[in-house]
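The values are calculated or read from the model by the stated rules, or taken from the named source; none is laboratory data. Not measured: the values here are computed from a predicted model. Cβ atoms come from the backbone with ideal geometry, glycine included; neighbour counts cover every protein chain shown. Each accessible area value is taken on the protein alone, full model and side chains, heavy atoms only, with ligands, DNA and RNA left out. Shrake-Rupley method; radii C 1.70, N 1.55, O 1.52, S 1.80 Å.
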Amino acid sequence: MAITHLKSGKPADERAEDDAKVRASVEEILADIEARGDAAVRELATKFDGYAPESFRLTPSQIEAAMQKVSARDMEDIRFAQAQIRRFAQAQRASITDVEIETLPGVILGHRNIPVQSVGCYVPGGKFPMVASAHMSVLTAQVAGVPRIVASAPPVKGEPHPAIVAAMHLGGAHEIYVLGGIQAVGAMALGTQTIEPVHMLVGPGNAYVAEAKRQLFGRVGIDLFAGPTETMVIADDTVDAEICATDLLGQAEHGYNSPACLITNSRALAEATLAEIERLLAILPTAETARISWRDYGDVIVCDTWDEMLAVADDMAYEHVQVMTDRDDWFLDNMRAYGALFLGPRTNVANGDKVIGTNHTLPTRKAGRYTGGLWVGKFLKTHSYQRILTDEAAATIGAYGSRLCMLEGFVGHAEQCNVRVRRYGRRNVAYGAAAE
């Protein structure tokens, strides 16, 4: 048994150095936004986006004007994608129910699922205007019942991107801002003189946006720590090098630091995929980006056994995992750490990113070990409540509670229980657990 790395990306220590530089820069910028508010945001928008209008928030007429620029075909496609995403989100919401149960006679326990009251949805622009990210965050928050949905995206070529604005508006955004990067998430989370702060930040972004969300976590909630996109292909000789290489490079084009990994039990497929990647890089229009990503963050790993393939995949816990083998269901049943699975050669990550209906905001950097991706449940807070209806229940629970509080030395806690025993336990005590 052996695991062979035919190709490896940057070592971990070099990646850590890159992260440290981003961390320091973000910390400084967030402190400036907190101290100076709108003035800092305006300076940052001018510096990074070359865009500083009188107001960064779009008016209803500006939203309508932007939407008028979207072609009928593009608008139809946006509506189709949103219909798929809404349908799945509604099914997810229906699966989340409030609970109330009488655990003992007279003792009522329950929980309610309450929407987060305000959410800031960041939609990346940059090199690629991420129209789909507006569906994934804004629309999902709307299905969850969030009463205030704020959406922000950077300008593209000096103006609001029409399709992004359309997707935000149709998805249910209540406020739309044309702001990008750290200044957008910082303004939404910290608040400024003109932007009321939100309770939660969601949405993907570049390394700086991801780090800003990490530093803001605690002050506001976040969906998850989403760094650069990751894609993994798990394949055997039931598929060919063209489809493997296409699926790897299709995600590597996201940015200069987007990891892509092939795990296979076929050395012939591994070597053919390496060659096919070089062929595709010679003709791919986004090769300038994809080539650097593949050079620095690409891996090809050959394993002897299925169990080795599974172990490597679970250890890496990548965001997107494309499984194309003669036993796809075995991976579905046994994989435990990933963002989302794409099963079989007919399926692909791009469909998941744009239209099929599942959410594309997914855990990266091994966060799949402890969280799933963005979904309607992320916008809901589950709050418990309790109620005691009878004197007997109050006295009985109080007696147990008093003794358990004293076991820990909490006398004041115990007295909270004792006063109920004294007040409600005189008439009768049920269940044979007398108030002693």
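Considering each of Phe80, Phe88 in turn, give the residue that is loosely packed, with under 14 Cβ neighbours inside 10 Å and either of a type in the set (Asp, Glu) or in contact (Cβ under 8 Å) with a residue 60 or more places away in the chain (or both).
Phe80
Out of all the residues in segment 312-357, which are closer than 23 Å to Gln92 by Cβ and either without any contact (Cβ under 8 Å) to a residue 12 or more places away in the chain or open to solvent by 60 Å² or more (accessible area, probe 1.4 Å) (or both)?
Those that are closer than 23 Å to Gln92 by Cβ and either without any contact (Cβ under 8 Å) to a residue 12 or more places away in the chain or open to solvent by 60 Å² or more (accessible area, probe 1.4 Å) (or both): Asp329, Leu332, Asp333, Arg336, Asn351, Lys354, Ile356.
Read through the list (1) at pLDDT 95 or above; (2) open to solvent by 30 Å² or more (accessible area, probe 1.4 Å); (3) more than 47 Å from the chain's Cα centre (by Cα); (4) not small (Gly, Ala, Ser), then give the number of the only condition that Val421 fails.
Of (1) at pLDDT 95 or above; (2) open to solvent by 30 Å² or more (accessible area, probe 1.4 Å); (3) more than 47 Å from the chain's Cα centre (by Cα); (4) not small (Gly, Ala, Ser), only one is false for Val421: (2).
Look at Val156 and say whether it is under 26 Å from Ala72 (Cβ atoms), buried (at least 24 other Cβ atoms within 10 Å of the Cβ) and of a type in the set (Val, Ile, Thr).
Considered against the rule, which asks whether it is under 26 Å from Ala72 (Cβ atoms), buried (at least 24 other Cβ atoms within 10 Å of the Cβ) and of a type in the set (Val, Ile, Thr), Val156 comes out as no.
Return the residues of segment 164-184 that are surrounded by fewer than 24 Cβ atoms within 10 Å (Cβ to Cβ), touching a strand residue (DSSP E or B) at 6+ places or on another chain (Cβ under 8 Å) and either on the phi < 0 side of the Ramachandran plot or part of a strand (DSSP E or B) (or both); say none if nothing qualifies.
Selection gives His169, His174, Glu175.
Could you tell me whether any residue of segment 1-24 is touching a helix residue (DSSP H, G or I) at 6+ places or on another chain (Cβ under 8 Å), open to solvent by less than 50 Å² (accessible area, probe 1.4 Å), among the small types (Gly, Ala, Ser) and within 22 Å of Asn257 (Cβ to Cβ)?
So far as segment 1-24 goes, yes, one or more of its residues are touching a helix residue (DSSP H, G or I) at 6+ places or on another chain (Cβ under 8 Å), open to solvent by less than 50 Å² (accessible area, probe 1.4 Å), among the small types (Gly, Ala, Ser) and within 22 Å of Asn257 (Cβ to Cβ).
Any residue at all in segment 297-305 that's charged (D, E, K, R), touching a Phe, Trp or Tyr at 6+ places or on another chain (Cβ under 6 Å) and touching a residue at least 60 places away in the same chain (Cβ under 8 Å)?
Within segment 297-305, not a single residue is charged (D, E, K, R), touching a Phe, Trp or Tyr at 6+ places or on another chain (Cβ under 6 Å) and touching a residue at least 60 places away in the same chain (Cβ under 8 Å).
Name every residue in segment 86-110 that is of a type outside the set (D, E, K, R) and either over 25 Å from the mean Cα position of the chain (by Cα) or under 16 Å from Ile164 (Cα atoms) (or both), in order of residue number.
Answer for segment 86-110, where residues must be of a type outside the set (D, E, K, R) and either over 25 Å from the mean Cα position of the chain (by Cα) or under 16 Å from Ile164 (Cα atoms) (or both): Val99, Ile101, Thr103, Leu104, Pro105, Gly106, Val107, Ile108, Leu109, Gly110.
Spot the failing condition for Phe379; the list is (1) buried (at least 19 other Cβ atoms within 10 Å of the Cβ); (2) of a type in the set (Phe, Trp, Tyr); (3) at pLDDT below 95, and only one is missed.
(3)
Please go through (1) closer than 30 Å to Gly50 by Cβ; (2) touching a residue at least 60 places away in the same chain (Cβ under 8 Å); (3) open to solvent by 10 Å² or more (accessible area, probe 1.4 Å) for Ser118 and return the number of the only condition it doesn't satisfy.
(3)
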